[in-house]
C-alpha cells in the first residue's frame, strides 16, 4: 500500500471515530505526523518559492481583488489610498452590498471567483464578508441557527470552498475579520463568525487579519471614537454601530496594509535569489553581471541541462571516477569534485561556489581539500521554515497544543517525576492521590 493510500485510510478512520484513533493513541499520533510531513513536502515541492505571494507577477504588477459586502467597499477605498504611490499594485473592488457566505450559492460567489480567475492574472484576493450573514444555514434536511456549533461548522465550510479555489490557483488569500459591533447580540454573532472563518483560513493556508482591537476602548468594549492612522482622535464608526467612517475604513485598511507590505517585501527579496525563477523571469528582473553570466556558461558547457544550485558547481574538466571517490570521502553528501587547478582558478571556483550556494534556502556550503589537489564542495540544505508552516496549516486550530492549553484551559498529563506529578507511590505500586 502506498503512503498516499495509508494517509487517506488514516484520515477516513479519524473521521469515523475509530477507537484506534481516539485521543492519546500513540499510533494515531505517529500516522498523523508522517502524513503531515509527507503532505508538507508534496505541497512545498509544488511552490516556486518560500514567499506567500508570488515573486514574479505578470507585467511586474500585482493584481489585487477585494471581495466583500458593503464594508468591503470602504476597505477597498482605504487600501487604494494606502497604496496610491505604489505603481506595482493595482487594487480592484469586487464588493457588493448583498454579498455573504450564507447566501454564497444564491449570489454565485464561487462562480464569480471562477470567472475572475479566467479573466486574467490575479495574485492577491482580500475577503471582507459577514455583516449580512446573521441567518440560519441549511444543513441536511433542517436548518441550524447562527453561532451554534453546527452553524459554525457549516459556515466555515462555505469559506473553505472559496479559499480552496484561490489557493489551488496559487493566489494569496487574506481574510479580514469583522470589527466589534455596538449591539451586544450582533457582537456575539460577529465573534462566532470570526471564529468559524479563522479556523477555515488557517487550515487551508490563507491568512486571517484581526481588526477588533482597533475599534475598542481601553476596556475592550465597542467605541465609536478612536485614534486614526495619524494618531488623532476621530469618529471611526457610523451611527448604526456597524458601518465605518472614511477614517475608520482607512484604519481598517491599515491592518491589511501591514500584512501586505511584509509579504510583498519578502516576495521582492525572493526575486533576487539565484534560481528563484526561471531564466526568463531572472533575466527580466535581475540582469546577470558579466562575471556570473560567464561562470554559469562555463558551468553548464558540454553537460546538458542541470537542475538546482549544483548546476553552477559543475566543471567541464570534472573526472567521473575521482568525483565518485570524493563523494565517498565527504561522507555520502551531494558532492562535486573538481580536477587539480591553479591557485587563481581555485579562488575563482570558490567564489563561484559561494555565489551558487546562495540559491539554496538556508543551505550550508562545505569546502574540503582531498588528496591529489582535489577540492570537494558539499551543499547541505535543512528542512526550511516553509515545510514547518505547511504542516501547521494542515493542523486544525482546535487540535494545536497551544490552543488546547491557553485557550481551552486543558491540562496536560504530568510527566513522571516532574514537579506537577502528584501521583502517590508506595512499595513500588502507583496509586492516585
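FYI, it's all coordinate maths here, none of it is from the lab. These numbers come from a predicted model, not from an experiment. Don't worry about glycine lacking a Cβ; one is built from the backbone with ideal geometry, like all the others, and counts go over all protein chains shown.
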- Cβ crowding within 10 Å averaged over residues, with 204-216, 187-199 ranked highest first: 187-199, 204-216
- Task: Using label points projected 7 Å from each Cα along Cα→Cβ, tell me how many nm separate residue 182 and residue 84, to one decimal.
- Result: 2.9 nm
- For segment 66-176: rounded, prolate or oblate by the Cα gyration tensor [a/c cutoff 1.5]: prolate
- Quick one: length gained pulling residue 136 to residue 412 fully straight, 0.36 nm per residue minus the C-alpha distance? 95.7 nm
- Query: With the Cα gyration tensor of segment 52-271 giving a ≥ b ≥ c as the square roots of its eigenvalues, does the rule (a/c under 1.5 for rounded; else a/b larger than b/c for prolate; else oblate) give rounded, prolate or oblate?
  - Reply: oblate
- Query: Residue separation times 0.36 nm, minus the C-alpha to C-alpha distance between residue 419 and residue 157: what's the value?
  - Reply: 90.0 nm
- Arrange the peptides 168-177, 132-141 so that the one whose residues have, on average, the most other Cβ atoms within 10 Å appears first. 168-177, 132-141
- Task: With a/c under 1.5 counting as rounded, go ahead and sort segment 56-119 into rounded, prolate or oblate using the C-alpha gyration tensor (a ≥ b ≥ c being the square roots of the eigenvalues; past the cut-off, prolate if a/b is larger than b/c, else oblate).
- Result: oblate
- Task: For segment 223-254 and segment 125-149, compute the distance between their C-alpha centroids and round to whole Å.
- Result: 27 Å
